[in-house]
Amino acid sequence: MPWRETDDPFHIWLSEVMLQQTRVDQARPYYERFVEAFPTVTALAEAELDAVLRLWEGLGYYSRARNLHRAAKMVTEEFAGQVPATYEAIRRLPGVGPYTAAAVLSIAFDAPHAVLDGNVARVLARVFTIEEEIGAGRTRRRLQALADVLLNPDCPGDFNQAVMELGATICTPSAPACPACPLQSACGAYALGTPEAFPFSKKKAPLPHYDIAVGLIFDDEGRILIQRRPEDGLLGGLWEFPGGKREPGEALPETCRRELREELNIEVEIEAPFGTINHAYTHFKITLHAFRCRLVAGEPVSSRALPMQWVPIERLDEFAFPRANRRLIERLHYLQDNPSLFD
């Protein structure tokens, strides 16, 4: 892993942010492209948010990218471009919680701070047979106290990485490789013969599903209308095709017309369905229904004062989009290369 082969605090910080909610194999190519584009925290601070989000596209949890960008500006302005080396200072940065602070400080600066991520929590819950709900605040505090006591202050970075890697590669959520585990003789869950029973966690409720209708609106020059999402919400700062959620009992074409009327103060004619995309987020699922539309009345004006642009299809790749929208763009490119299929 390239982030384990550097002592650059910025690169270590970047990797820890990317690895939140993301597998190592998925994060690695993003990390390498990001470091190439923004080799220093100052380079990231000077970049436009659009460029940052475009490189992050597909990695998900976009608040991480927005917070990282804001934090880079803060590091440049308040810390002379140097990642803070104290817990109090680094915790002031947007998006830096207790885990990220402990990981960066221990790995980059050999500071004695114990990490507690999902992998570490699972290892500790099994070794010490913690029979409490793993997500409860009281349980997290107990696990953090155990991690603090166990931490080797002479090599905190190595210790933290070792426990995290143990959880990621050996003490996995299912089918843990107990025969290969160096903690087997000390593990209470192994002694009970039920390692997969730990940690205790609540059953997840089924994910809700929403139908979303969006309009692909073209002008006379063949450009398509896109708008930017608010920065403080889900998928904040990304661009999208305008539309929204279907209301109960509403036909999807009507959803598209209503949403465009409410969002942009325009009336459109639905010319044809364009495509349907299924996509899952962390807390819900969507089916995205796209319709090719013709503007018949009004000029687009965002009801929420969001930026909008008319963009040629060939320039859509310059903007950062949510994954479901990106799949529509891939089809737009295909149809542009095969115009006979567009009719």
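Here are some residues: 216, 225, 260, 252. Which one is within 23 Å of residue 295 (Cβ to Cβ) and surrounded by fewer than 21 Cβ atoms within 10 Å (Cβ to Cβ)?
252
Within segment 147-163, can you find the residues that are acidic (Asp, Glu) and either under 10 Å from residue 106 (Cα atoms) or under 27 Å from the mean Cα position of the chain (by Cα) (or both)?
Residue satisfying the conditions is 158 alone.
One residue is enough: does segment 329-342 have a residue meeting the conditions more than 18 Å from residue 50 (Cα to Cα), acidic (Asp, Glu) and modelled with pLDDT of 90 or more?
So far as segment 329-342 goes, yes, one or more of its residues are more than 18 Å from residue 50 (Cα to Cα), acidic (Asp, Glu) and modelled with pLDDT of 90 or more.
Considering only residues that are in contact with a Ser or Thr (Cβ under 7 Å, 6 or more places away or on another chain) and of a type outside the set (Asp, Glu), look in segment 245-276 and name the one that is nearest to residue 50 (Cα to Cα).
Filtering first and then ranking leaves 264.
Filter the strands (runs of 3 or more DSSP E) completely within segment 216-282 down to those with at least 3 residues that are of a type outside the set (Phe, Trp, Tyr) and more than 28 Å from the chain's Cα centre (by Cα).
Strands (runs of 3 or more DSSP E) meeting the threshold: 267-280.
Can residue 266 be described as closer than 24 Å to residue 323 by Cβ and either in contact with a Pro (Cβ under 7 Å, 6 or more places away or on another chain) or in contact (Cβ under 8 Å) with a residue 24 or more places away in the chain (or both)?
no
Of the residues that sit in segment 7-36 and are assigned to a loop (DSSP other than H, G, I, E, B) and surrounded by 15 or more Cβ atoms within 10 Å (Cβ to Cβ), which one is modelled with the lowest pLDDT?
Across segment 7-36, the extreme among qualifying residues is 22.
Could you list, ordered by first residue, the pairs with Cβ atoms under 7 Å in which the first is in segment 281-297 and in the same structural domain as residue 224 (by TED's automatic domain parsing) and the second is part of a loop (DSSP other than H, G, I, E, B), at least 6 apart or interchain?
These pairs meet every condition: 283/207; 284/207; 284/208; 285/207; 290/241; 295/266; 297/266.
Test residue 240 against the stated conditions and say whether it is in contact with a Pro (Cβ under 7 Å, 6 or more places away or on another chain), modelled with pLDDT of 95 or more and of a type in the set (D, E, K, R).
So residue 240 passes the test.
If a residue must be touching a Leu at 6+ places or on another chain (Cβ under 8 Å), farther than 12 Å from residue 229 by Cα and outside any loop (DSSP other than H, G, I, E, B), how many such residues does segment 293-310 contain?
Number satisfying all stated conditions: 3.
Which of the residues belonging to segment 283-297 are surrounded by fewer than 17 Cβ atoms within 10 Å (Cβ to Cβ) and within 30 Å of the chain's Cα centre (by Cα)?
283, 284, 285, 287
Identify the single condition in (1) of a type in the set (A, V, I, L, M, F, W, C); (2) in contact (Cβ under 8 Å) with a residue 60 or more places away in the chain; (3) in contact with a helix residue (DSSP H, G or I) (Cβ under 9 Å, 6 or more places away or on another chain) that residue 197 does not satisfy, given that it satisfies every other one.
(2)
The values are calculated or read from the model by the stated rules, or taken from the named source; none is laboratory data. Every value quoted in this text rests on a predicted model; they were computed, and no experiment measured them. When we count neighbours, we look across all protein chains shown, and the Cβ atoms used for this are built from the backbone with ideal geometry, even at glycine.
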